[in-house]
1. Work through the residues other than Met98 whose Cβ is under 9 Å from its Cβ and net out their charges, Lys, Arg +1 and Asp, Glu -1.
2. What residues have an amide H closer than 5 Å to that of His132, excluding those fewer than 5 places away on the same chain, when H is modeled at 1.01 Å from N in the peptide plane?
3. Taking all pairs of different Cα atoms in segment 73-174, averaging 1/r and flipping that mean, what Kirkwood radius in angstroms comes out?
4. Can you tell me the order of 74-86, 148-160 when each peptide is scored by its average per-residue count of other Cβ atoms within 10 angstrom, highest first?
5. Could you list which residues have their amide H under 5 Å from that of Val101, counting only those 5 or more apart in sequence or on another chain, with H placed in the peptide plane?
6. May I ask for the net charge around Ile158, where only other residues with Cβ less than 11 Å from the Cβ of Ile158 are counted and Lys, Arg are +1 while Asp, Glu are -1?
Amino acid sequence: ASVFGTEGRGFESLRLHQNTSSFDEVFLFVYSLLGMEVPMHLDLVRLARSHIGVGRYELMAKPEWAPDVVDCSSFTQWLHAQFGVALPRKARHQAAMMDVVEPDEIQPGDLIFFRGKCYQDVSGLPPDHIGHVGVVAEDRLHFIHAANSTKGIIEAPIARVKPELFRRFGRIRT
């Protein structure tokens, strides 16, 4: 079984619908029903989702271009900045400031780090090189990221990340 398998992670009870936006609606409904403030990580995911198909991808995009033009790490940097959290510009530096999270403990808003496909043919990189980052979605089975210049900002299944490219999940230190 893959580290991304759902066995034993309790996802069966979360699967209300295949449409991940239904998770967003359920979380928001429950919080509003209880009169609770929506946690930052859910707002962050909601903000990320609102840019799917909107933002344009450009490798090495400058932070000041966000959210209109982003690459993976400028997108996560911009998202967090909207909530007063400063992240470094590069994915590998973002990973370095995060607490490592085990796959069975990920939460919405955590970050997923892996070796970027554009680095696959670059020789001399350390085996644990991090070159790509995305935001874990509410269902903990998908992530939202600035994929590439063809796809732009998309939501994708975590299970589709090749195990040899996956590096780790991270959470902002509190």
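We did not get these values from a lab; they are worked out from the coordinates using the rules stated. Values in this document were obtained by computation on a predicted structure and should not be read as measured data. With ideal geometry, Cβ positions are generated from the backbone for all residues, glycine too; neighbour counts draw on all protein chains shown.
1. +1
2. Residues meeting the criterion, in which the H sits 1.01 Å from N, are Phe114, Gly116.
3. Across segment 73-174, the inverse of the average 1/r is 13.7 Å.
4. Final packing ranking: 74-86, 148-160.
5. Long-range HN contacts for Val101: Phe169, Gly170, Arg171.
6. Details: positive: Arg140, Arg160; negative: Asp110, Asp139, Glu155.
Counting the neighbours of Ile158, the net charge comes to -1.
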